[in-house]
Amino acid sequence: MFSPSISARMLLGLSSAGTCAAAGFALHTNSATQAATQSQKDSGQYDHLMGTWIRDKHASDSYENAMTVMQINPLLKTAMRQLKGIKLEVKDEEVVLTLLSRFSWFRLQERYPWSGQAVQIRRRDFRRGKAQGNLIQESDALWIEQQWDHPVAGHGSECAWSPEPGTLYIDSTIKVKDDVAQYRQVYREHA
């Protein structure tokens, strides 16, 4: 199961192009970034990344390869193709990520403490078992690290960052065994 010393990050990094581009869509492994600081959260450093974001399908990469790497079943693939956006919020001492879908039955919400403490969350592939995830603050990026066990054990990184006001990128890397998928999703701020 998840070990804090293993740093394969499901990076919901909210950052500038430098942080995410430097990661090169790779799994984030810098353990020095694991300590999140309350002062960054309190300063509003990530406020421009919070809100409701609608996926720009034409500007985004396909995540078909990621679904293949994760061995997603056909019904879930159909639902994932209908994701319309994400919502990022700060509630109390945590960041809340909600996936927005055109299907009311397809809902996923994850809560990550600012402290960086690992939490148990639902697997994004909706298989039995749980995943472990944690939030890491790095410069102007927020990283969410996730790891899950069998069936289809794996880990990944996502990096979300804002290249300009009103736009959010999420760069993702998923790794299962020796298979790796990388893609970028582009979101526009919901008015």
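Values computed for the structure shown
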quantity: Cross-link partners of residue 91 among lysines (Cα-Cα below 19 Å; sequence separation of 8 or more within a chain); calculated: 41
quantity: If the convex hull is drawn through the Cα atoms of the stretch 105-152, its volume per residue in Å³; calculated: 84
quantity: Diffusion coefficient, µm² s⁻¹, Stokes-Einstein with Kirkwood Rh over alpha-carbon pairs of the stretch 37-191 at 4 °C and 1.567 mPa s; calculated: 81
quantity: Sparsely packed chymotrypsin sites (Phe, Trp or Tyr not before Pro) within the stretch 96-191, loop by DSSP, other Cβ within 10 Å at most 15; calculated: 103, 105, 126
quantity: Net lengthening on full extension, residue 90/residue 190 (0.36 nm per residue, minus Cα-Cα); calculated: 34.3 nm
quantity: Surface accessible to a 1.4 Å probe, per residue, for the residues of the stretch 48-191, Å²; calculated: 47
quantity: Residues whose placed amide H lies under 5 Å from that of residue 85, excluding near-sequence neighbours; calculated: 55, 100
quantity: Loop sites in the stretch 95-190: trypsin sites (Lys or Arg not before Pro), DSSP, at most 12 other Cβ within 10 Å; calculated: 102, 107, 128, 177
quantity: Over 22 Å (Cα to Cα) - which of 87/175; 57/77; 77/175; 130/175 fall in this group; calculated: 87/175
quantity: Amide proton proximity set for residue 108, modelled H, under 5 Å, gap of 5+; calculated: 99
quantity: Other-chain or far-sequence residues with amide H under 5 Å of residue 136's (modelled H); calculated: 143, 144, 145
quantity: Stokes-Einstein diffusion coefficient of the stretch 88-176, Kirkwood radius over Cα pairs, 25 °C, 0.890 mPa s, in µm²/s; calculated: 174
quantity: Sites residue 45 and residue 122, calculated FRET efficiency, Cβ-Cβ separation with R0 25 Å, nearest 0.05; calculated: 0.35
quantity: Residue-by-residue Karplus 3J(HN,Hα) for the stretch 148-156, coefficients 6.51, -1.76, 1.60, Hz, glycine and proline x; calculated: 9, 8, 4, x, 6, 5, x, 7, x
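The values are calculated or read from the model by the stated rules, or taken from the named source; none is laboratory data. What you see is a predicted model; the values in this text were computed from it and never measured. Reconstructed Cβ throughout: ideal geometry from the backbone, glycine too, with neighbour counts over all protein chains shown. Note: areas computed on protein heavy atoms with side chains; ligands, DNA, RNA excluded. Shrake-Rupley method; radii C 1.70, N 1.55, O 1.52, S 1.80 Å.
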